[in-house]
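Data first, discussion second: the structure below is written as structure tokens.
The values are calculated or read from the model by the stated rules, or taken from the named source; none is laboratory data. Everything numeric here is computed off the predicted structure, so don't read it as measured data. Quick reminder, even Gly has a Cβ in these numbers, built from the backbone with ideal geometry, and neighbours come from all protein chains shown. Protein only, heavy atoms only, side chains kept; ligands, DNA and RNA dropped before computing areas. Shrake-Rupley method; radii C 1.70, N 1.55, O 1.52, S 1.80 Å.
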Amino acid sequence: EKLLVESGGGLVQPGGSLTLACTASGFTFDDYAIGWFRQVPGKEREGVSCISGSDGSIYYDDSAKGRFTISRDNAKETVYLQMNSLKPEDTAVYFCAASGSFTAVPANYHYWGQGTQVTVSS
């Protein structure tokens, strides 16, 4: 089975940092772009960042530019999202997902993890 598992979420104060990890199994990892998305109750899931399988293409939503860094270690089948200078509005469930092409469109992602909660609060 193709599985994605997020880890690293938690409670952090405004201005703090967290690093999320998305570990995959069951597919050829470097053939897939990996995206990070987030969702809060009552709102649609939104793209945060995505990274292509192997050519280095990266996308950041405007809300993440300058604060978040996406990276991947294909040997470990893991994608990371380093989040710095966190704000209360970053609070959400963060999901990772896999797509056969580089895209920021959620509908183009075929495989999704279960999510990890990030709460930014004082």
Distance between segment 19-34 and segment 81-115 - C-alpha centres, whole angstrom: 12
Convex hull volume per residue for segment 30-72, taking Cα atoms only, in Å³: 73
Karplus 3J(HN,Hα) series, Hz, for segment 61-67 with 6.51 cos²θ - 1.76 cosθ + 1.60 (x for Gly, Pro): 5, 4, 5, 9, 4, x, 10
Long-range amide H partners of ASP61 with built H, under 5 Å: SER49
Solvent exposure of the chain as accessible area per residue, Å², 1.4 Å probe: 50
Listed residue pairs exceeding 25 Å between alpha carbons, taken from LYS65/LYS87; LYS2/LYS76; LYS43/LYS87; LYS2/LYS65: LYS2/LYS65
Most to least accessible of VAL105, VAL120, VAL40 (protein chains only, probe 1.4 Å): VAL105, VAL40, VAL120
Cysteines having no other Cys beta carbon under 4.7 Å from their own, within the chain: CYS50
List THR91, THR78, ordered by accessible area with a 1.4 Å probe, largest first: THR91, THR78
DSSP loop trypsin sites (Lys or Arg not before Pro) with at most 13 other Cβ within 10 Å: longest gap in the chain: 66-122
Descending principal axes extents, the chain, alpha-carbon based, whole Å: 41, 27, 23
Accessible surface of segment 1-113, 1.4 Å probe, proportion on carbon and sulfur as whole %: 48
Loop-located GluC sites (Glu not before Pro) in segment 38-122, at most 15 other Cβ atoms within 10 Å (DSSP): GLU44
Simple Cβ-charge dipole of the chain, Lys/Arg +1 and Asp/Glu -1, about Cα centre, in debye nearest 20: 260
